[in-house]
Amino acid sequence: MSYWLVKSEPSVYSWEQFRKDGKTMWEGVRNYAARNNLRAMKKGDKVFYYHSNEGLEIVGIAEVVKTAYQDPTTDDANWVVVDLKPVHTLKKPVPLTVLKSDKRLADLDLVRLGRLSVGAVKDDEYKVIMELAGEK
């Protein structure tokens, strides 16, 4: 299993709305590195859900339920989407300030590549974030 992180502004698509919907197509990605991360996702992979611009914190965990397929919002075959479902709201959201101040997360895509909307999370980074969130 691999781990990932996706970003959404709460005013655009919040964790709360995602939980109400029960599933979503992660569409509209127009960055090649983020697109490559979507292509690498496998069914069952865990995905941190990060509130960007407002909140600036990881708030929940989702799961990949359908791997990459053509993004229906464009005719350009270069762009893909995945389907995600919400799995778990974190006990304690993990703010960006905490992520940046923890030396164990210095190489986290979110810290190094702040504008990347879909990033990879290494196994050890996943464990650190879960620890910071008060999760086992």
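Derivation of every value follows stated rules applied to the coordinates shown; laboratory data play no part. Computed from a predicted structure; not experimentally measured. Glycine gets a Cβ as well: all are built from the backbone with ideal geometry, and neighbour counts include every protein chain shown.
Please find, among Asp71, Asp102, Asp76, Asp83, the residue that is out of contact with any Cys (no Cβ under 6 Å at 6 or more places or on another chain), acidic (Asp, Glu) and under 22 Å from Glu54 (Cα atoms).
Values: Asp71 fails: under 22 Å from Glu54 (Cα atoms); Asp76 fails: under 22 Å from Glu54 (Cα atoms); Asp83 fails: under 22 Å from Glu54 (Cα atoms).
Selected residue: Asp102, the only one of Asp71, Asp102, Asp76, Asp83 that is out of contact with any Cys (no Cβ under 6 Å at 6 or more places or on another chain), acidic (Asp, Glu) and under 22 Å from Glu54 (Cα atoms).
Take the residues in the stretch 82-107 that are buried (at least 21 other Cβ atoms within 10 Å of the Cβ) and in contact (Cβ under 8 Å) with a residue 60 or more places away in the chain, then tell me which one is nearest to Tyr69 (Cα to Cα).
Ranking the qualifying residues of the stretch 82-107, first place goes to Leu84.
Could you identify the single residue in Val87, Val111, Val29 that is out of contact with any strand residue (DSSP E or B) (no Cβ under 7 Å at 6 or more places or on another chain) and of a type in the set (A, V, I, L, M, F, W, C)?
On the way: Val87 fails: out of contact with any strand residue (DSSP E or B) (no Cβ under 7 Å at 6 or more places or on another chain); Val29 fails: out of contact with any strand residue (DSSP E or B) (no Cβ under 7 Å at 6 or more places or on another chain).
Val111 is the lone residue from the list that is out of contact with any strand residue (DSSP E or B) (no Cβ under 7 Å at 6 or more places or on another chain) and of a type in the set (A, V, I, L, M, F, W, C).
If Leu132 satisfies all but one of (1) surrounded by 14 or more Cβ atoms within 10 Å (Cβ to Cβ); (2) within 16 Å of Val6 (Cβ to Cβ); (3) not small (Gly, Ala, Ser), what's the number of the condition it fails?
With respect to (1) surrounded by 14 or more Cβ atoms within 10 Å (Cβ to Cβ); (2) within 16 Å of Val6 (Cβ to Cβ); (3) not small (Gly, Ala, Ser), Leu132 is out only on (2).
Could you count how many residues in the stretch 80-136 are of a type in the set (Asp, Glu), in a helix (DSSP H, G or I) and closer than 26 Å to Arg30 by Cβ? I'd like the intermediate steps shown before the answer.
Initial filter on the stretch 80-136 (of a type in the set (Asp, Glu)): 83, 102, 107, 109, 123-125, 131, 135.
Now drop any that are not in a helix (DSSP H, G or I), which leaves 109, 123-125, 131.
From what is left, the residues that are closer than 26 Å to Arg30 by Cβ are 109, 125.
Summing the residues that are of a type in the set (Asp, Glu), in a helix (DSSP H, G or I) and closer than 26 Å to Arg30 by Cβ in the stretch 80-136 gives 2.
Do we find a residue being of a type outside the set (A, V, I, L, M), under 20 Å from Glu131 (Cα atoms), surrounded by fewer than 19 Cβ atoms within 10 Å (Cβ to Cβ) and touching a residue at least 24 places away in the same chain (Cβ under 8 Å) anywhere in the stretch 48-55?
Yes, the stretch 48-55 contains at least one residue that is of a type outside the set (A, V, I, L, M), under 20 Å from Glu131 (Cα atoms), surrounded by fewer than 19 Cβ atoms within 10 Å (Cβ to Cβ) and touching a residue at least 24 places away in the same chain (Cβ under 8 Å).
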